[in-house]
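Quick note: the coordinates plus some simple rules give every number you see, no bench work behind them. Here the structure is a predicted model, which means the values were calculated and not measured. Cβ: placed from backbone, ideal geometry, glycine included. Neighbour counts: every protein chain shown.
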Amino acid sequence: MTFLGKMLMFSAIVSTATSTAVAAQDLLIKVQGTKSKGVMTQLTRLAGDVGTKVAPLTSRLHDGGQWISLKTTSKSSALSVRALQALPGVMVVQKNYPIRQLKDYRLPNGPTRDALLQKVNAAGGPGNIFAPSAKVDNPEIPKTTAPGFGADSLFDNQWGMVDNNVVSGWKGAKGEGVVVAVLDSGVDYTHEDLVDNMWRNPGETGVDSQGRDMATNGVDDDENGYVDDVVGWDFVTDDNKPFDLSVEPLELLFGGGNPGHGTHCAGNVAARGDNGKGIAGVAPSAQIMALRFLSEKGQGSTEGAVKAIAYAIKMGVKVSSNSWGSSGEDPADTVGNQALRDIIEEARLAGQLFVAAAGNGDAQGKGYDNDTNSAPAYPASYPHENIISVAAIDKTDALGTFSNWGLTSVDVGAPGVAVFSTTVENGYSDKVIDLPEFGLSITWDGTSMAAPHVSGAAALYWADHPKATMMEVKAAIMNSTKPIAAMNGKSVTGGKLSVENLMR
Ligand SMILES: [Ca+2]
Ligand SMILES: [Ca+2]
Ligand SMILES: [Ca+2]
């Protein structure tokens, strides 16, 4: 198809989609220069619905960047991409493609599921079985306390830690001073085993000139564009509380998503070690920055992902942990998701290691056991050299039945089946859904669970080798894997993460 043909197809998609959900129709536009106001004014004028305008129609995704978002209005949705592209100063026009959480559990099929649904429906639906959720969203951010000391009594449940002999890697630094951004559904920053390892923005800590607590004074003290961003930011609801709102298991079954996902991921990166509580992450003294850009239903957008990655870059983060899947690279998608590719390139230039789950199935999340060399799954399959793509293996060194693989597109395997970690509200579990009364027990299985092990390993190594470059850290992880048959011919290294070898 000619380029013009592709463009026409794209404009047809945009102009006929006026009656569906709003967010996915918003456009992302790359403009020349990082300060030019002219083109934004022009776009606003073209897109403006006079009288209904409540929020800015255009906004820059991040300071110093060239991407802006154009909100959908009845006027702008009638604009063709070609017309927008023809505007002076406009370089690229693309859709604000959806981002989704990876689905890291499998519901039973056939009789079990039917019987469950019957039982639930007979009782009048999930609402009659569980009391309405009393969970509190966005609790206040607790101050750091002096962490206690003592064994992490649930550590032996973390088979991946035992398998990696992570304890042997804790002779020197344990991740001190290294910040890992967890880009996900948020993190329960009140969790007893995470609270003391949450990143604390030094620019929003202490007291201001008027003696007020900078964490809560309503002032953007470090002038990074975010007010009171103490532990990270919530790019879904645009506030300083990136809390991982959980829901009841049955709501999960009927409503989709996997809430608690970010908290589960964070625990294996850096749950506090030797504090007399719970578990320990691979880097038990590293810091977790919570960047929430996926809702409790597991949905997000490219705009949110770009903002979250840009935030991590701005704040100097060395490692980001990315257990999510993006869209926008189908052949019909013309320019593709260039906004996402651009920001991952920015991360590379900034020396940020971008650890990515290889994915459970293809780019659309359909099917398991996918060769991502022929059917790429993004962002893991992007060619940027700062990406480490992680497949999931189980206790027996077999590849997870769901896990993507790829001789050149997947780098390493890591523990990702029946993974034990922190869960929302001071919990610890290897189960997403645990309903013994329905005979239903579903474990956390996913490349989402595998990636945080590698993120933690990177933090552990980096703390011990503070002068190492991003590429040196990546090479150290890649060159220290343990060969296993399941990854042979299915990954670049042919092996699984070995923290023991890495830290030897
Ligand atoms: Ca700030
Ligand atoms: Ca403040
Ligand atoms: Ca602990």
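The Cβ shell under 14 Å around residue 150 holds other residues with a net charge of -3, Lys and Arg each +1, Asp and Glu each -1. Among the DSSP beta bridges whose two residues both lie in the chain, what percent are antiparallel, rounded to the nearest 5? DSSP beta bridges in the chain are roughly 50 percent antiparallel. Relative to the longest principal axis of the Cα atoms of the chain, the long axis of helix 38-47 makes an angle of roughly 80 degrees. Cα centroids of segment 135-197 and segment 271-325: 12 Å apart. For a 26 Å ceiling on Cα separation, which of these pairs sit above it: 37/241; 103/307; 314/467; 37/95; 119/277; 35/307? From 37/241; 103/307; 314/467; 37/95; 119/277; 35/307, over 26 Å: 37/241; 119/277.
Order these peptides, 258-265, 347-354, by their mean beta-carbon neighbour count within 10 angstrom, highest first.
Final packing ranking: 258-265, 347-354.
Spin-label model, residue 212 to residue 137: label points 7 Å out along the Cα-to-beta-carbon direction sit 2.6 nm apart. Against the chain, whose longest principal axis comes from its Cα atoms, helix 302-314 is set at around 60 degrees. Take every pair of alpha-carbon atoms less than 8 Å apart whose residues are at least six positions apart; their mean separation over the length of the chain yields a relative contact order of 17 percent.
Our note on the geometry: Cα centres of segment 52-106 and segment 448-485, 35 Å apart.
Taking the three principal axes of the alpha carbon atoms in segment 150-503, the coordinate ranges are 62, 53, 49 Å, sorted in descending order.
The residue among 419, 433, 84 whose Cα reaches farthest toward the positive pole of the charge dipole of the chain, with charges on the beta-carbon of Lys, Arg, Asp and Glu, is 84. Helix-only arithmetic for the chain: the sum of -39500 (n - 2.57) across DSSP H runs with n ≥ 4, divided by the residue total, places the mean residue ellipticity at 222 nm at -7000 deg cm²/dmol. Exposure proxy ranking for 293, 235, based on other Cβ atoms within 10 angstrom of each Cβ and starting from the fewest, stands as 235, 293. The angle between the Cα long axis of helix 3-16 and the main principal axis of the chain comes to about 90°, on a 0 to 90 degree scale. Could you please state, rounded to a whole Å, how far the C-alpha centre of segment 336-362 is from the C-alpha centre of segment 400-436? Cα centroid of segment 336-362 versus Cα centroid of segment 400-436: 21 Å apart. Panel order for 58, 396, 216, by other beta carbons found within 10 Å of each beta carbon, from fewest to most: 396, 216, 58. Listed by Cβ neighbour count within 10 Å, with the fewest neighbours leading, 344, 484 appear as 484, 344. Counting Lys and Arg as +1 and Asp and Glu as -1 over every other residue whose Cβ lies under 11 Å from the Cβ of residue 405, the net charge comes to -2. The alpha carbons of segment 369-458 occupy a box of 45, 26, 23 Å along the principal axes, longest dimension given first.
Only alpha carbons enter this Debye calculation for segment 427-483, each as an equal point scatterer, and the log10 of I(q)/I(0) it gives at q = 0.13, 0.20, 0.26 Å⁻¹ is -0.52, -0.79, -1.04.
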